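The values are calculated or read from the model by the stated rules, or taken from the named source; none is laboratory data. Keep in mind it's a predicted model, so treat the numbers as computed, not measured. In this analysis, Cβ positions are derived from the backbone assuming ideal geometry, glycine residues included, and neighbour counts consider all displayed protein chains. For the accessible areas, the whole protein counts, side chains as well, though only heavy atoms, and no ligand, DNA or RNA atoms are used. Shrake-Rupley method; radii C 1.70, N 1.55, O 1.52, S 1.80 Å.
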Amino acid sequence: MLNSRMIVILRELMSVQSTLSTVTSEYLATVNQVSSRTIRTDIKQLDDMLSQYGAKIKSARGTGYELSVLDEKQFHQLLKELSANQLFDSTSIPTVPDDRVHYLIKKTAVSRRIFEARRFSRRVIY
């Protein structure tokens, strides 16, 4: 379904989604340790897959990429499938700050329960 680079790309796009920021192909290439061309190819494939789940990747020349979710329910289904396939590891709480951000985004995006900050913080802060 998704290769490891695509997972990283999706995580990065999700992490900036709420800030209305974009992610450049140069940044994604650095994070994945590949060329910008490889990232553009992965973005195209990822966008094709996301279109089946109510989301798309918007590209703005000179500024970067951003994730646009058109159908929350379908996108939530994708996140559940990725989580079930352990592409997003949900069994352990990360210790690296960047990984914690991804963990928090995934947990809040996939959860259907009301977000309870106090209980959630007990799991994340140790």
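Structure above, values below:
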item: Residue list for region 20-53, restricted to those being of a type in the set (Val, Ile, Thr) and open to solvent by less than 90 Å² (accessible area, probe 1.4 Å); result: THR22, VAL23, THR24, VAL31, VAL34, THR38, ILE39, THR41, ILE43
item: Spans of helices (runs of 4 or more DSSP H) in region 1-73 with at least 3 residues in contact with a Gly (Cβ under 9 Å, 6 or more places away or on another chain); result: 25-32
item: SER68 vs. criteria surrounded by fewer than 18 Cβ atoms within 10 Å (Cβ to Cβ) and over 24 Å from LEU104 (Cβ atoms); result: no
item: Among (1) crowded, with 17+ Cβ neighbours inside 10 Å; (2) within 15 Å of the chain's Cα centre (by Cα) - the single one LYS56 does not satisfy; result: (1)
item: Scan of region 3-14 for residues that are crowded, with 18+ Cβ neighbours inside 10 Å, touching a residue at least 24 places away in the same chain (Cβ under 8 Å) and of a type outside the set (Val, Ile, Thr), ordered by number; result: ARG5, MET6, LEU10, ARG11, LEU13, MET14
item: Test: residue in region 80-89 that is among the acidic types (Asp, Glu), part of a loop (DSSP other than H, G, I, E, B), open to solvent by 30 Å² or more (accessible area, probe 1.4 Å) and modelled with pLDDT under 90; result: yes
item: Test: ILE43 is among the β-branched types (Val, Ile, Thr), in contact with a Leu (Cβ under 6 Å, 6 or more places away or on another chain) and touching a residue at least 24 places away in the same chain (Cβ under 8 Å); result: no
